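Where a number appears in this text, it was derived from the coordinates with a stated rule and is not lab data. This is a predicted model, so every value here is computed, not measured. All Cβ positions, glycine included, derive from the backbone under ideal geometry; neighbour counts span all protein chains shown.
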Amino acid sequence: MIMSKLIIEEGESLKGEIEASGAKNVALKTIVAGLLTDEKIVIENIPLISDLLTMKMTVEKFGGRVEIAGHKMTVTGSNLKNFPLSLEMAAQSRTSSMIIAPLLLRFGKATIPNPGGCRIGARPIDRHIEGLSKMGAKITYDASGYFHAQSKKLHGTVYTFPKNTHTGTETLILAAVLANGETVLENAAAEPEVDDLIGLLNQMGAKIKRVGPRTIKITGVKKLGGTTYKIMPDRNEVVTFAVAGIITGGDLIIKNAQSQHLLSFLEKLDKAGAGWEKVNENSLRFFYKGSLKPCDIVTSFHPGFMTDWQAPWTILMTQAAGKSTVHEAVFESRFGYVSELRKMGVKILFFQPKISCPEKFYNFNMEDKNDRHYQAILIEGPIKLHNAILNISDLRAGATLVLAALAAEGESVLYGAEHIDRGYERFEERLKKLGAKIKRANS
Ligand code: EPZ
């Protein structure tokens, strides 16, 4: 990725119309789904983002074919080969560890690294591994941090996730669609992106049914075929652009925004006194309608307030008159952007809320939590943000710092813009069309 920076001048109010791209967290998984059949699948409405290109490269190293033309992608898994997924590839894209499902189904064995990187620390796919073991995979873990899985033929099972896992649910669905017999996943993720993947798989001939809010039943079939499928829009993009419109005192219409997937966000907007309205089934309008009120949010899995929305939300709360809190309950450390925000004059304090049963309350595994990280921040507003030289560390935080710079006085420079390209297509170009004074330069 070419290192680049964004130069952002004091924001005008953003006004106009913007279209949300296809959902990154569906597009990535459709490539894995395509490896389950020898026929071509065509995916429409894909976002042109670097995470997708990374996944394309990884799958092509395994012999898969992924062709992208415009916003359409064709995946062919007929020529898939089997060898270990390297630590480097897995580190570039955590989703690549989902390839364990097609490898096991096609070859009866797979070797993938623990994407958490640590040898005994964060085990971010223990729930995936446990579920696959219940489906008959024999999985060992070696001292170099690799999982070695073997299975003659995966068979159905009843597996209850100990805690929510979005990609864990998807990995087990991908394994179960061609397994022998019936699989029932209990306490399975309810994110709409999971249902979009289910929609694709069922069009390919799978038999998957959500028989309860968090129960999914999969009846294994002999083979899957090709199909053409259009993926849903990206909810994270909608929230990012919505906050951009409100925080700059603007007025935006976002097309491909489905209110039923954003209820917890819209509810909080109402509490904060920010303006929004449904334009039609597929478009929402977001606008500034007066001073913002402070709010408290706790992130959760769907249908709760998404963890991916907490960083943009924090920026919004810097403009609210009073004290707001953000309690991150999904990931053990997701406030990397706070130190950068402080450079813009934001008053943020970390604190650890008292929780009666943290093991149940938090979605991460408590053994992965290191005490250094607090799980909550307190924001005191309203604060007039001023410009700064900022470093972008990750995808969602990056977009957040752009929002802050748009609302700040003076000219800001953000290094690490390539992190934003992982999840947002042509981000600065689309913001410019709405009136943002933003340009990119090589850093
Ligand atoms: C997916 O991550 C998304 N990524 C994330 O979006 C999103 O934030 C997250 O779901 C929550 O909605 C993709 O879909 C590619 P989890 P995922 O498994 O599936 C722990 C973005 O920016 N855990 O639901 O990896 C885990 O460490 C990304 O688009 C285990 O400990 O999330 C985390 O703390 C960021 N063991 C928590 O649970 C497991 O086996 C939730 O993880 C599985 C998860």
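In this calculation the C-beta distance from Ser78 to Asp371 is compared with R0 = 51 Å, giving a FRET efficiency of 0.55. Would you mind getting me the FRET efficiency between His148 and Asn282? Use the beta-carbon distance for r and R0 = 35 Å, nearest 0.05. Calculated transfer efficiency: 0.15.
The GluC sites (Glu not before Pro) of the range 133-188 include none that meets both criteria, a DSSP state outside H, G, I, E and B (loop) and at most 14 other C-beta atoms within 10 angstrom of the site's C-beta. Taking 20 Å as the straight-line reach from the Cα of Lys81, the aspartates and glutamates in range (excluding those fewer than 8 positions away in the same chain) are Asp38, Glu39, Glu60, Glu67. What separates the Cα centres of the range 184-247 and the range 387-443 is a distance of 30 Å. A crude spin-label estimate for the pair Thr140 and Arg426, with each label 7 Å from Cα along the Cβ direction, gives 5.2 nm. When restricted to Cα atoms, the chain yields an Rg and a Dmax of 21.7, 63 Å, respectively.
When you count the other C-beta atoms within 10 angstrom of each residue and take the mean per peptide, 404-413, 106-115 line up highest first as 404-413, 106-115.
What ranking do 306-313, 219-226 get when scored by the average of other Cβ atoms within 10 Å per residue, highest first? Before the final figure, lay out each step's value.
On the way: 306-313: 23.9, 219-226: 15.6.
So the order, starting with the most tightly packed, is 306-313, 219-226.
Taking amide H as placed 1.01 Å from N in the peptide plane, the amide H of Ala179 sits under 5 Å from that of Val221, each at least 5 places away or on another chain.
Given 0.36 nm per residue, what is the gain on full extension from Val158 to Lys354 after removing their alpha carbon distance, in nm?
On the way: separation 196, 0.36 × 196 = 70.56 nm, distance 3.48 nm.
Result for the pair: 67.1 nm of gain on full extension.
Within a straight-line Cα-Cα reach of under 17 Å, Lys432 can be paired with the following aspartates and glutamates, leaving aside sequence neighbours fewer than 8 residues apart in one chain: Glu9, Glu10, Glu12, Glu17, Glu19, Glu237, Asp251, Glu411, Asp421.
Return the percentage of antiparallel bridges among DSSP beta bridges fully within the chain, rounded to the nearest 5 %.
Working: 58 of 80 bridges.
Counting DSSP beta bridges with both partners in the chain, the antiparallel share is about 70 percent.
If neighbour count is taken as other Cβ atoms inside 10 Å, put Thr325, Thr37 in order from fewest to most. Walk me through the numbers before you get to the answer.
Working: Thr325 18, Thr37 24.
Going from sparsest to densest Cβ surroundings: Thr325, Thr37.
Here the range 303-347 has an Rg and Dmax of 10.9, 33 Å, counting Cα atoms alone. The mean of 1/r over all pairs of different alpha-carbon atoms in the range 232-289, once inverted, gives a Kirkwood hydrodynamic radius of 11.0 Å.
Ordering Tyr146, Tyr337, Tyr159 from the fewest to the most neighbouring beta carbons within 10 Å gives Tyr146, Tyr159, Tyr337.
Within a Cβ distance under 12 Å of Glu17, other residues only, what is the Lys/Arg minus Asp/Glu net charge?
On the way: positive: Lys15, Lys255, Arg285, Arg430, Lys433; negative: Glu19, Asp251.
Its environment carries a net charge of +3.
Taking Cα atoms only, the orientation of helix 50-61 departs from the longest principal axis of the chain by about 20 degrees. Length available on full extension from Leu263 to Met57: 0.36 nm per residue minus the Cα-Cα distance, which gives 70.6 nm. Note that the range 299-309 has calculated 3J(HN,Hα) couplings of 7, 7, 6, 4, x, x, 6, 5, 4, 5, 9 Hz, one per residue in order, obtained from phi through the Karplus relation 6.51 cos²θ - 1.76 cosθ + 1.60 (θ = phi - 60°); glycine and proline are x.
Given Cα pairs under 8 Å that are at least 6 residues apart, what percent is the relative contact order of the chain?
21 percent.
Taking the longest Cα principal axis of the chain as reference, the axis of helix 395-407 is set at about 10 degrees.
For Ala137, neighbours were defined as the other residues whose beta-carbon sits under 11 Å from its Cβ, and their charges (Lys and Arg +1, Asp and Glu -1) total +4.
Charged neighbours of Gly416, selected by a Cβ distance under 11 Å, balance to -2 (K, R count +1; D, E count -1).
Cross-link partners for Lys209 among the lysines, with Cα-Cα distance under 21 Å and sequence neighbours closer than 8 places in the same chain left out: Lys29, Lys134, Lys163, Lys217, Lys222, Lys223, Lys230.
Here the gap between Met3 and Ser133, fully extended at 0.36 nm per residue and compared with their Cα-Cα distance, gives a gain of 42.7 nm.
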